[in-house]
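Data first, discussion second: the structure below is written as structure tokens.
The values are calculated or read from the model by the stated rules, or taken from the named source; none is laboratory data. Treat the numbers as computed from the prediction; the structure is a model and nothing was measured. Heads up, the Cβs are rebuilt from the backbone with ideal geometry, glycines too, and the neighbour counts pull from every protein chain shown.
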Amino acid sequence: MNNRATWLIFSFIFLAALFVLSCNNSVEDMLDDYNKQFTWTYVTVSETKEVNEEEMLSPGDEGFDPDDMLREVYPVQYDSTLNLAGPPKNIYSYTWTVYDPKNDYKEVAVNTINGTLNDCKFIIYIPDSLLEADHTYQLTLRIVTQGGVFYKDSASLVIYPHYTYD
């Protein structure tokens with residue numbers, strides 16, 4: 001080999017080594033950077049796959065607080081599903097209502113997956129729900145116990161668009 005080819009090979013090796021050494025990101029750093037684009041919510045993990053209704057507090061249970069029926073805010077991506085459930089025991093009726101704060105808190109008709117707003121479960125697929133992206137709604141759960149006691153809790157329902165990162 002001549003000197004010129006040797007010089008080019010060593011230059012390439014040097015540049016490749018410099019490039020590899022200049023990358024100080026570990027796999028964990030790259031995963032953290034990727035995961036930062038998502039909104040995280042908190043989930044209670046139980047040992048069984050299904051939620052055990054006996055673990056969920058209902059009216060009459062020690063520690064039941066009607067202000068804890070819903071979280072303060074539910075951020076939901078526009079192309080996602082929101083699944084919520086009210087207290088499971090001692091309930092006579094459920095009423096889930098969505099209001100629009102930008103329109104004098106008028107009630108917003110939503111399409112639920114189970115077809116009703118009067119069930120223990122509130123499940124909506126956002127694109128089919130008639131809710132708009134880039135908008136904050138108020139979600140209210142009203143329950144009446146079998147003894148006729150009325151409870152209510154509200155939360156902000158934030159619908160944000162699906163962002164893509166090119």
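Laid out as a table, the results:
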{"read-out": "Filter result for VAL43 (at pLDDT 90 or above and within 23 Å of TYR160 (Cβ to Cβ))", "value": "no"}
{"read-out": "Qualifying residue in the range 155-165 (condition: in contact with a Phe, Trp or Tyr (Cβ under 8 Å, 6 or more places away or on another chain), at pLDDT below 90 and part of a loop (DSSP other than H, G, I, E, B))", "value": "yes"}
{"read-out": "Filter result for the condition that a residue is over 16 Å from the mean Cα position of the chain (by Cα) and either of a type in the set (Lys, Arg) or modelled with pLDDT of 90 or more (or both), over VAL51, VAL110", "value": "VAL110"}
{"read-out": "2 or more residues surrounded by 16 or more Cβ atoms within 10 Å (Cβ to Cβ) and assigned by TED's automatic domain parsing to the domain that holds PHE150: qualifying strands (runs of 3 or more DSSP E) within the range 61-128", "value": "73-77, 81-85, 91-100, 121-125"}
{"read-out": "Residue list for the range 140-164, restricted to those being surrounded by 13 or more Cβ atoms within 10 Å (Cβ to Cβ) and under 14 Å from the mean Cα position of the chain (by Cα)", "value": "ALA155, SER156, LEU157, VAL158, ILE159, TYR160"}
